[in-house]
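Have a look at the structure below, then the notes.
The values are calculated or read from the model by the stated rules, or taken from the named source; none is laboratory data. What you are looking at is a predicted structure, and each value in this text was computed from that prediction instead of being measured. As a convention, Cβ positions derive from the backbone with ideal geometry for all residues, glycine included, and neighbour counts pool all protein chains shown. SASA here: full protein model, heavy atoms, side chains in, ligands and nucleic acids out. Shrake-Rupley method; radii C 1.70, N 1.55, O 1.52, S 1.80 Å.
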Amino acid sequence: MGERLLGHTVLVVGAGSMPSPEPDAPVGNGRAISVACAREGARVVCADRDETSARVTASLVRDVGGEATVVVADVSDEDGCAEMVAAARDLTGVVCNAGIGRGAGGLIGTSADDWDATLAVNLRGPFLIARLAMPLLTVGGSFVFIGSLAGLQPGSRLPAYDASKAGLIGLSRHVALEGARQGVRSNVVAPGLIDTPLGRAATRGRPTRGRTLVPLGRQGTAWEVAAVTVFLLSDEASYITGTTLSVDGGLGLI
Ligand code: NAP
């Protein structure tokens, strides 16, 4: 056990991991982030719309000696966001990880409903969570929004997804500036191609995704996303706010 988040309480929104039929399926980012925070001593509030999935994460948190609370709620629902934030006592960190992609690709393949559903989870939810959590945070508190390389350059071929992830960077910058007055930081982690159940599902839908040449020669793991998230939540990152940190094996270079 490390001690970088000792005494912290971290709310992880989207702490589950998309169910997978594969027996050796990798973990999703939210699950890895929850476990990695617990390994550094944090209490973790595991919030997800999928109860079974959130409970699996909570039990993995307990397996590494951590304390976990489960909240079953939907981040696209305002009351659901309030339940998530209310479940966390002495909150010090918030990770907004839940993310979806909707539509068949391209402008013509994206309906207004696809757009609204994507933005509701990927951008409106994080805004609502930030609005509710900000008054509860004090000096040393921090937000980490899990964005995407697709928010920095064309990526998913889903315009709603790309736009939502670009919007998240704008939201985080605002949160960083507003939070600075009370010593609260906000940053975005922008993963590239990460081998998670969601990543594998995306590759099944668009096989060229799996053939993308990444400069470091492989996809990333959720544990690599989690390590950066823990760093940004911790006091080691005490002078970092308003930034976007890519975790992409160099994909953003090409
Ligand atoms: P994941 O395993 O599907 O994890 C996301 C979790 O959030 C799931 O448990 C999901 O539940 C939950 N969730 C979805 N919608 C929700 C809602 N409305 N309310 C509450 N919880 C909700 O996916 P992941 O691959 O780890 O991705 C996590 C984040 O990383 C996303 O924001 C994604 O955009 C970002 N990202 C991933 C990659 C990649 O290559 N994997 C790359 C760049 C960025 P359900 O299973 O019920 O949907």
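Key figures for this structure:
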read-out	value
Solvent-accessible area per residue for the chain (1.4 angstrom probe, square angstrom)	45
Charge sum, other residues only, whose C-beta stays under 11 Å from Arg131's C-beta, Lys/Arg counted +1 and Asp/Glu -1	-1
Sites excluded, GluC sites (Glu not before Pro) in DSSP loops with at most 15 other C-beta within 10 Å, longest stretch of the chain	68-254
Residue-averaged 222 nm ellipticity for the chain, from DSSP H runs of 4+ at -39500 (n - 2.57), nearest 500	-11500 deg cm²/dmol
Carbon plus sulfur fraction of accessible area for region 1-42, probe 1.4 Å, in percent	53
Portion, in percent, of the accessible area of region 125-216 that falls on carbon or sulfur, probe 1.4 Å	62
Within the accessible area of region 49-103 (1.4 Å probe), percent carbon and sulfur	41
Anisotropy class of the chain from Cα gyration tensor, a/c 1.5 cut	rounded
Efficiency of FRET between Gln153 and Arg218 - r from beta-carbon atoms, R0 22 angstrom, step 0.05	0.65
Table column - 3J(HN,Hα) (Hz), region 182-191, Karplus curve with 6.51, -1.76, 1.60, x for Gly and Pro	10, x, 9, 9, 8, 9, 10, 9, 10, x
Nearest-0.05 FRET efficiency for Glu236 and Ser20, computed from C-beta distance (R0 25 Å)	0.15
